[in-house]
Amino acid sequence: MSPLSRLLALFAALPLMVAVPALAHHGWSWASEDWFELEGSLTDIYIGQPHPTLTLNDGTNDWTVELAPVDRTLASGFDEDVVAIGDTVVAHGHRALDEADYRMKAVRLVVGDATYDVYPEFAAELDQ
């Protein structure tokens, strides 16, 4: 392979070298494709990078509920002012493939009568 061919191949591969780590971080490969609903009492809330999270206790286990990136979560209307520790939260999304891992990726949250679609493009599937 000529030096020019190697250089062209490197430039062609460069976007993949950048994209693959980004997909691994932002991917959902750890989550089931099946829909999952979790109802629990809010014990902790974090609105920050890299993703906001909630801790919900379902009466037996503490679950980590990962939300959309901060900007998307806030755009849905969900923040620390709409929920309080002890409130019941229903999270719709996808649980971890490993059932010993009490973690899920939420696309919709319901607090009282309010619904927050942190991933509206996926939450729309719930309404079909």
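The values are calculated or read from the model by the stated rules, or taken from the named source; none is laboratory data. Keep in mind that what you see is a predicted model, and the values were worked out from it rather than measured. Note that we place each Cβ from the backbone using ideal geometry, even for glycine, and neighbour counts take in every protein chain shown.
Annotations
- Residue within the stretch 65-79 that is part of a strand (DSSP E or B), aliphatic (A, V, I, L, M), in contact with a Leu (Cβ under 8 Å, 6 or more places away or on another chain) and at pLDDT 95 or above present: yes
- Single condition residue 59 does not satisfy, out of (1) assigned to a loop (DSSP other than H, G, I, E, B); (2) surrounded by 13 or more Cβ atoms within 10 Å (Cβ to Cβ); (3) out of contact with any strand residue (DSSP E or B) (no Cβ under 7 Å at 6 or more places or on another chain): (2)
- Criterion applied to 99, 121, 125 was being assigned to a loop (DSSP other than H, G, I, E, B) and surrounded by fewer than 18 Cβ atoms within 10 Å (Cβ to Cβ), and the one residue passing it is 99.
- Looking only at the stretch 86-128, residues that are out of contact with any helix residue (DSSP H, G or I) (no Cβ under 9 Å at 6 or more places or on another chain) and among the aromatic types (Phe, Trp, Tyr) come to 2 in all.
- Here residue 51 meets each of (1) part of a loop (DSSP other than H, G, I, E, B); (2) modelled with pLDDT of 95 or more with one exception, condition (2).
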